[in-house]
Amino acid sequence: MKSKGLERLDIVSLFPGMFDGPLSESLIGKARERGLIDLRVHNLRDFSDDRKHRKVDDRPYGGGPGMVIRPEPVYRALKAIRATGTKRLKPHVIFMSPQGRLLTQKIAHDFAVKPWLLVLCGHYEGLDERIMSLVDDEVSIGDYVLTGGELPAMVFADTVVRLIPGVVKEAGSITRDSFQSGTLDYPHYTRPAIWRKKKVPAVLMSGHHEAIEFWRQQQAVAVTLRKRPDLLEEK
């Protein structure tokens with residue numbers, strides 16, 4: 001049976017409180033309220049075998065700075081979360097990592113059609129390499145290093161969830177987004193028609209839909225050529 005698209009998104013983090021605001025506001029918050037996405041955040045410490053201190057990390061073998069997240073708590077978390085699904089529905093496991101493939105709009109669309117995503121947030125020096133055999137994808141939001149995987153997980157969640165049908169009220173807003181057709185978005189204008197002696201392009205107030213569409217296509221290419229010419233070179 002063909003998947004209807006993303007239905008559930010789980011996030012495992014050492015700092016689940018970081019997600020309270022970003023995932024409860026705006027479009028994602030409304031999508032959760034309307035039941036368009038089942039989004040759950042889990043505390044990795046809940047799966048620690050250290051009941052007293054709930055510790056999940058340890059020093060790296062071979063020496064060196066920092067700490068490494070132990071494999072057992074992650075394994076327990078994955079096992080427990082998988083158990084809440086069905087035999088048919090299994091999560092696609094993603095590790096947010098600067099070593100992963102760069103998140104793009106195309107990749108976001110690929111993830112948005114998977115019924116269940118489970119995102120692991122790294123911290124410290126990362127995860128014990130032995131747990132990586134249970135990870136399906138590594139994803140990065142850029143060639144830089146952050147304190148942990150929480151902020152990248154929020155970016156990932158926002159990028160993917162907004163692609164679920166019904167999350168964005170006007171579907172046309174998504175189809176015209178930057179990167180959807182290989183170019184950036186065209187310029188937008190609203191009232192007043194004249195602001196501090198700067199006028200809205202006359203074509204946008206002409207009521208001529210074909211002319212407006214042609215202008216927008218031209219502007220999208222012009223903006224891309226000025227700001228991100230590399231996108232046109234790739235086509």
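Here, each number is a calculation from the coordinates, and none is a lab measurement. In this text, all values refer to a predicted model and were calculated from it rather than measured experimentally. Cβ: placed from backbone, ideal geometry, glycine included. Neighbour counts: every protein chain shown.
In this structure, the amide hydrogen of Lys114, modeled 1.01 Å from its nitrogen in the peptide plane, lies closer than 5 angstrom to those of Leu6, counting only residues at least 5 positions away or on a different chain.
Taking amide hydrogens as placed 1.01 Å from N in the peptide plane, the amide H of Asp10 sits under 5 Å from those of Arg40, Leu117, Leu118, Val119, each at least 5 positions away in sequence or on another chain.
Evaluated on the chain, the Kirkwood hydrodynamic radius is 20.4 Å, with distances taken between all distinct Cα atoms. Taking a straight Cα-Cα cut-off under 27 Å and skipping sequence neighbours fewer than 8 places away in the same chain, the lysines within cross-link reach of Lys169 are Lys2, Lys4, Lys30, Lys106, Lys114. Near Ser97, the amide H atoms lying under 5 Å from its own belong to Val139, Ser140; only residues 5 or more places off or on other chains count, and H is placed 1.01 Å from N. If you take all other residues with their beta carbon under 12 Å from the beta carbon of Met205, and give Lys and Arg +1 and Asp and Glu -1, the sum is +2.
How big is Rg to Rh over segment 110-235, alpha-carbon atoms, Rh as the Kirkwood inverse-mean-distance radius?
Result: Rg/Rh = 1.10.
Sorted fewest first by neighbouring Cβ atoms within 10 angstrom, Tyr61, Tyr75 come out as Tyr61, Tyr75. Taking label points 7 Å from Cα along the Cα-to-Cβ direction, Tyr75 and Val203 give a separation of 6.2 nm. Its residue count N sets the reference 2.2 N^0.38 Å, and the alpha-carbon radius of gyration of segment 176-234 equals 1.25 times that reference. Mind telling me which of Leu36, Leu204, Leu78 comes out most flexible in a GNM of the chain, alpha-carbon contacts under 10 Å? Looking only at Leu36, Leu204, Leu78, the largest GNM fluctuation is found for Leu204.
In whole percents, the pair-distance distribution calculated for segment 66-127 from its alpha-carbon pairs, binned every 10 Å from zero, is 18, 45, 31, 6.
For segment 67-73, 3J(HN,Hα) computed residue by residue from phi via the Karplus equation (6.51, -1.76, 1.60; θ = phi - 60°) reads 10, 10, 6, 5, x, 4, x Hz, glycine and proline entered as x.
A Gaussian network model of the chain, with springs between Cα atoms under 10 Å, assigns the largest mean-square fluctuation among Lys90, Lys199, Lys169 to Lys199.
So how do Arg34, Arg82 line up by other beta-carbon neighbours within 10 Å, fewest first? Spell out each step's value before the answer.
Values: Arg34 10, Arg82 17.
Ranked by crowding around the Cβ, least crowded first: Arg34, Arg82.
Of Asp50, Asp128, Asp38, the residue with the greatest mean-square motion in the GNM of the chain, using alpha carbon springs below 10 Å, is Asp50.
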